[in-house]
Every structure is written in structure tokens, then in C-alpha cells.
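The values are calculated or read from the model by the stated rules, or taken from the named source; none is laboratory data. Since this is a predicted model, take the numbers as computed values, not measurements. FYI the Cβ positions are ideal-geometry reconstructions off the backbone, even for glycines, and counts take in every protein chain you see.
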């Protein structure tokens with residue numbers, strides 16, 4: 001009996017604990033993995049020249065010409081640099097060198113946590129503004145009134161909401177790589193999903209899982225496939241047919257899986273992977289929602305919800321066409337919030353209290369982002385990321401075409417853990433990995449696909465990516481998420497492997 005009680009009392013570590021242990025492991029890796037560095041090339045927009053930074057040497061300036069790029073064996077169009085398409089430093093092929101070891105110590109753990117939080121301040125401000133906005137809208141009763149109206153209209157067809165959200169996220173992922181921006185949808189959609197009879201993990205599936213599957217099979221996403229193609233020296237339209245086919249197959253898998261899971265939960269709530277936490281979820285997200293209460297859906301409440309909904313297409317437009325990033329997105333949401341405050345009918349103290357309470361509920365989420373950035377800082381400052389890339393490139397070099405591309409897929413799965421940024425990994429790895437495809441006689445766009453599919457298979461789980469932020473926001477244990485998402489990772493890798501092998505057989509020599 002005592003043993004059984006001990007088993008029941010065990011709870012999986014929180015996101016903070018997981019990331020803290022990963023930070024310790026990262027520090028340990030700086031003592032195990034040799035430090036090394038590639039020379040990096042950047043374009044100086046002001047002076048219109050290339051600057052090459054090599055470790056331990058003064059910066060060198062070169063004319064911004066195609067000849068310079070050819071000398072460094074960088075097969076990227078000059079216009080990609082001069083027009084600002086590629087802004088981050090490009091690793092120069094064949095320039096890797098071992099350097100003195102950059103050990104990190106115990107004293108660096110708290111420092112990296114603080115520095116990572118400072119680096120993530122733009123994302124954190126966005127999240128605080130979002131939380132404050134939701135707090136104000138909640139105080140007006142608009143969400144509750146809208147929830148009741150939605151529940152009445154969708155009775156018997158609840159999955160249409162899941163389907164619609166999933167399709168939107170798939171499209172958002174494949175076109176603009178919606179990831180961090182998706183955190184804005186959770187606080188409002190979780191109560192909706194719970195009111196429809198689903199659980200909180202279905203919300204993560206419809207938003208994070210669908211968006212990530214869309215991003216994995218990016219078609220025109222400028223932050224992954226476009227920048228990776230440019231860094232590989234090819235047009236992003238090369239291979240788009242296979243990526244579109246993958247998107248369709250991956251999307252069908254996600255929607256089919258959510259339909260199956262949702263049907264099971266609706267039939268038997270105890271089937272839910274988060275069943276034991278259901279009461280906590282309901283108290284947290286529906287504490288102000290009484291299904292038996294009558295809340296009038298007034299014109300004012302409808303107008304507030306319309307303004308809230310308008311903030312999202314405005315954000316997506318800004319990211320895709322306006323060059324926005326988190327400061328601009330936060331300012332946009334804050335502008336909508338101010339308008340909502342003015343028409344809310346609330347007293348000044350109610351407005352201030354509801355905004356600060358809403359923002360305070362997302363403090364933990366913001367700190368998770370900072371801690372994850374701290375892990376990345378340790379790996380960067382320890383100078384081991386380039387060493388891992390060099391080792392991986394040598395590992396797959398010279399393999400037969402089919403083994404080479406599957407090896408690339410595995411390599412990018414691992415690199416996705418080390419470098420969770422899609423654009424960062426693209427400019428770091430593509431100039432090194434893409435030329436290896438030439439040696440085995442296959443097109444470079446196949447390597448770009450392997451990068452996309454491998455990296456995102458890891459980002460479904462990578463603690464240094466966005467997943468822990470999402471889980472912390474919804475208070476879902478990491479082990480429950482792993483159980484839920486593993487079938488979809490298997491689908492992604494199976495679809496990706498088959499499509500890669502088909503491409504190699506069609507276009508390989």
C-alpha cells in the first residue's frame with residue numbers, strides 16, 4: 001500500500017525543472033565537446049561590403065561581388081544579401097577550425113538565465129500585453145457571453161471548431177511559420193474547447209501541433225524554407241510540389257488524429273491524457289464561466305470580441321507584409337487593448353486591476369522563454385554548435401544518395417535540438433550541407449526538405465523550443481504531451497522519409 005501511494009504521489013517535473021537540468025547538461029557539454037568555429041560572412045548595408053569574421057582574427061572586408069562569393073564557395077545570389085533577404089551571418093564552407101576550449105561553469109548558470117531573459121524581453125512584453133488584454137476582456141464578460149452563444153450554435157457539430165482552427169494553423173504554419181505568435185490564441189481557445197466537451201491538450205493539438213505540421217511542410221514560409229533555399233543557393237520554388245504534397249498528407253494526419261482523440265474524449269472523458277487535471281483546468285480557464293447563467297450578448301460585448309479578433313489578422317499581416325516583429329506586435333495588441341478599455345464601460349480601477357492580473361498570470365510563461373534562451377546562450381558561448389555541425393556534415397559526406405538524404409534527415413533532427421531557431425539553423429547549416437548534395441548527385445532542394453522535416457520533428461519535443469512555453473501556459477505536464485504527440489512525429493518522419501526517397505530516385509544520378 002505504501003508503494004502504491006508513493007507511485008500516485010509522483011508528478012512529472014515542471015517546465016522550469018526540465019529546462020534547469022538541460023541548462024546544467026549544456027554546461028557539462030562545454031567540457032566534453034571541443035570548441036570550434038566557422039568563419040562567418042555578413043553584408044554591411046551601410047558600406048555595401050562583405051565582412052568576414054574569423055575567430056581570433058581581425059575582421060576582414062571584401063567587395064560585395066559575385067566573385068567574392070565564388071571565392072568562398074558560397075552559392076548564394078548577391079541580391080539576397082544586398083536586398084536584405086539574408087541578414088544573419090553565413091557560415092563559410094571549409095572554414096571550420098578548432099579553438100581553445102570555452103568551458104562554462106556553475107557560475108555561468110544563473111548568469112545565462114538572466115542574460116537569456118534579457119534577450120527574450122521583446123517576446124515577454126508581447127505576452128504580458130496579451131495577458132493584460134485578455135484580463136480586461138474577461139472582466140467585461142464578453143468571452144463568457146460569446147462562449148455561450150458559440151456553444152449553442154455548434155451543438156452536435158463541435159468538431160467543426162477544431163477542424164477550422166487546425167486548417168487556419170496549418171495554413172499559417174506553411175505560409176508564414178506562425179509559432180511564437182500562436183501563444184496569443186491559447187487563453188481564448190482553451191475555454192472554448194473545454195465548453196465544447198474537449199480537454200486542454202486538444203487545444204495544443206489544434207494550434208501548436210497543426211501550426212508546427214504546417215511549418216514542417218513549409219511551402220512559402222520566409223522564415224524557414226525561403227531563407228534555407230536562399231542559403232543553399234537555389235530558388236525556394238524548387239521542390240515546392242513535394243512540400244505541398246507533404247503538407248496535404250501531414251494535415252490529413254493531424255485532423256484525422258484530432259478527430260479520433262476528440263471522439264474518444266467526448267465518449268469517455270476518462271480517456272483524456274490529462275483527465276486527472278481536468279478540474280484544475282476548468283477552475284483555471286472557466287472559473288468565471290457558468291453554463292447555467294444567462295449573460296446577455298450585448299452590442300458592446302460583440303464589438304469588444306470583434307476588436308479582439310481583428311488584432312490577429314492585423315498581426316499576421318504585419319509579420320508577413322509589414323516587417324513586424326514582437327515590439328510591433330505588442331504595440332498593435334496594446335492599441336486594440338486601449339480602444340477596448342475605452343468602450344468597456346469599466347471603471348478606471350477595474351481596468352487597471354484586470355490588465356495587471358491578466359499580465360501576471362503569464363509571468364511563468366515569459367520566464368520559461370528566458371530560461372530556454374539561456375540554454376542556447378551557453379551552447380553559443382561554449383563555441384560547440386559549429387563543432388557539432390562540422391562533425392555531422394563529415395558523418396553524412398560521401399554516402400550513397402538514398403542513405404545520404406536519410407542521414408541528413410537524422411542530422412537535422414539532432415541539430416534542431418541544438419539550434420531551435422529555423423532561420424538560425426538555415427543560415428548556419430545550409431552553406432555547409434547543401435554542397436554535399438552535389439557530391440552525391442542529387443538536387444539541393446532535397447536537402448532543404450530534409451532540413452525542414454528533420455528540424456521540426458525535433459521541435460515538437462525540443463525543450464529549448466516553443467513547446468515548454470505552450471505547456472507551461474496551459475499547465476500540461478511534458479510527459480502527457482509526449483504521449484499525445486509521438487504518433488504525429490512518427491507520421492511526419494514517415495511521410496518525410498518516403499518523399500525524400502522518391503525525390504532521390506526521380507532526380508538522383
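Against the definition (surrounded by 24 or more Cβ atoms within 10 Å (Cβ to Cβ) and either under 22 Å from residue 259 (Cα atoms) or under 19 Å from the mean Cα position of the chain (by Cα) (or both)), how does residue 490 come out, yes or no?
Values: surrounded by 24 or more Cβ atoms within 10 Å (Cβ to Cβ): no; either under 22 Å from residue 259 (Cα atoms) or under 19 Å from the mean Cα position of the chain (by Cα) (or both): yes.
Taking the combined requirement at face value, the residue does not satisfy it.
Checking the conditions here, which among 152, 139 is in contact (Cβ under 8 Å) with a residue 40 or more places away in the chain and farther than 23 Å from residue 470 by Cβ? Spell out how you get there, then give the answer.
Numbers: 152 fails: in contact (Cβ under 8 Å) with a residue 40 or more places away in the chain.
Unique residue meeting the criteria: 139.
Scan segment 249-268 and give yes if some residue there is modelled with pLDDT of 90 or more and in a loop (DSSP other than H, G, I, E, B), otherwise no.
So far as segment 249-268 goes, yes, one or more of its residues are modelled with pLDDT of 90 or more and in a loop (DSSP other than H, G, I, E, B).
Please state which of the following conditions residue 302 fails to meet, knowing it meets all the rest: (1) surrounded by fewer than 15 Cβ atoms within 10 Å (Cβ to Cβ); (2) closer than 28 Å to residue 476 by Cα; (3) modelled with pLDDT of 90 or more; (4) touching a helix residue (DSSP H, G or I) at 6+ places or on another chain (Cβ under 9 Å).
Checking residue 302 against (1) surrounded by fewer than 15 Cβ atoms within 10 Å (Cβ to Cβ); (2) closer than 28 Å to residue 476 by Cα; (3) modelled with pLDDT of 90 or more; (4) touching a helix residue (DSSP H, G or I) at 6+ places or on another chain (Cβ under 9 Å), the one that fails is (2).
If I go through segment 199-227 residue by residue, how many of them are under 27 Å from residue 77 (Cβ atoms) and not in a loop (DSSP other than H, G, I, E, B)?
So the answer is 8.
Each row is one residue, and each column tells you yes or no for (1) buried (at least 24 other Cβ atoms within 10 Å of the Cβ); (2) in contact (Cβ under 8 Å) with a residue 40 or more places away in the chain.
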site	(1), (2)
183	no, yes
189	no, no
197	no, yes
207	yes, yes
212	yes, yes
217	yes, yes
231	yes, yes
237	no, no
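Please specify each residue of segment 377-391 satisfying the condition of being free of Cβ contacts under 8 Å to residues at least 60 places away in the same chain and within 23 Å of the chain's Cα centre (by Cα).
Within segment 377-391, 380, 385 qualify.
Have a look at 447, 467, 440 and point out the one that is at pLDDT 90 or above and either more than 22 Å from residue 259 (Cβ to Cβ) or out of contact with any strand residue (DSSP E or B) (no Cβ under 9 Å at 6 or more places or on another chain) (or both). Don't jump to the end; show me each part of the working.
Numbers: 467 fails: at pLDDT 90 or above; 440 fails: at pLDDT 90 or above.
Being at pLDDT 90 or above and either more than 22 Å from residue 259 (Cβ to Cβ) or out of contact with any strand residue (DSSP E or B) (no Cβ under 9 Å at 6 or more places or on another chain) (or both) holds for just one of 447, 467, 440, which is 447.
Assuming residue 354 fulfils every condition listed in (1) surrounded by fewer than 22 Cβ atoms within 10 Å (Cβ to Cβ); (2) in contact with a helix residue (DSSP H, G or I) (Cβ under 8 Å, 6 or more places away or on another chain); (3) at pLDDT 90 or above apart from one, which condition is it?
(1)
Considering segment 362-383 alone, what residues qualify as being outside any helix (DSSP H, G or I) and touching a helix residue (DSSP H, G or I) at 6+ places or on another chain (Cβ under 6 Å)?
Scanning segment 362-383 gives 362, 382.
Given the structure, is residue 187 farther than 30 Å from residue 69 by Cα and under 19 Å from the mean Cα position of the chain (by Cα)?
Yes: the conditions hold for residue 187.
Restricting to segment 75-119, count the residues that are closer than 20 Å to residue 63 by Cα, free of Cβ contacts under 8 Å to residues at least 24 places away in the same chain, out of contact with any helix residue (DSSP H, G or I) (no Cβ under 8 Å at 6 or more places or on another chain) and assigned to a helix (DSSP H, G or I).
Summing the residues that are closer than 20 Å to residue 63 by Cα, free of Cβ contacts under 8 Å to residues at least 24 places away in the same chain, out of contact with any helix residue (DSSP H, G or I) (no Cβ under 8 Å at 6 or more places or on another chain) and assigned to a helix (DSSP H, G or I) in segment 75-119 gives 1.
May I ask you to list the residues in segment 228-248 that are more than 20 Å from the chain's Cα centre (by Cα), under 15 Å from residue 451 (Cα atoms) and assigned to a helix (DSSP H, G or I)?
If the condition is that a residue be more than 20 Å from the chain's Cα centre (by Cα), under 15 Å from residue 451 (Cα atoms) and assigned to a helix (DSSP H, G or I), then 230, 231, 232, 240, 242 are the ones that fit.
I'd like to check something: does segment 409-423 contain any residue that is farther than 18 Å from residue 454 by Cα, in contact with a helix residue (DSSP H, G or I) (Cβ under 7 Å, 6 or more places away or on another chain), assigned to a helix (DSSP H, G or I) and touching a residue at least 12 places away in the same chain (Cβ under 8 Å)?
no
Looking at segment 241-272 only, could you name the residues that are within 26 Å of residue 429 (Cβ to Cβ) and touching a helix residue (DSSP H, G or I) at 6+ places or on another chain (Cβ under 8 Å)?
The answer is 242, 243, 245, 246, 247, 249, 250.
When the residues of segment 314-361 are narrowed to those that are assigned to a loop (DSSP other than H, G, I, E, B) and under 27 Å from the mean Cα position of the chain (by Cα), which ends up nearest to residue 120 (Cα to Cα)?
Per the criteria, the residue is 325.
Condition (residue is out of contact with any helix residue (DSSP H, G or I) (no Cβ under 7 Å at 6 or more places or on another chain), at pLDDT 90 or above and not in a helix (DSSP H, G or I)) applied to segment 396-408: is it met by at least one residue?
So far as segment 396-408 goes, no, none of its residues is out of contact with any helix residue (DSSP H, G or I) (no Cβ under 7 Å at 6 or more places or on another chain), at pLDDT 90 or above and not in a helix (DSSP H, G or I).
Kindly indicate whether residue 244 is closer than 19 Å to residue 481 by Cβ and in contact (Cβ under 8 Å) with a residue 12 or more places away in the chain.
no
Taking the conditions exactly as written (part of a helix (DSSP H, G or I), at pLDDT below 90 and within 30 Å of residue 272 (Cα to Cα)), does residue 182 satisfy them or not?
yes
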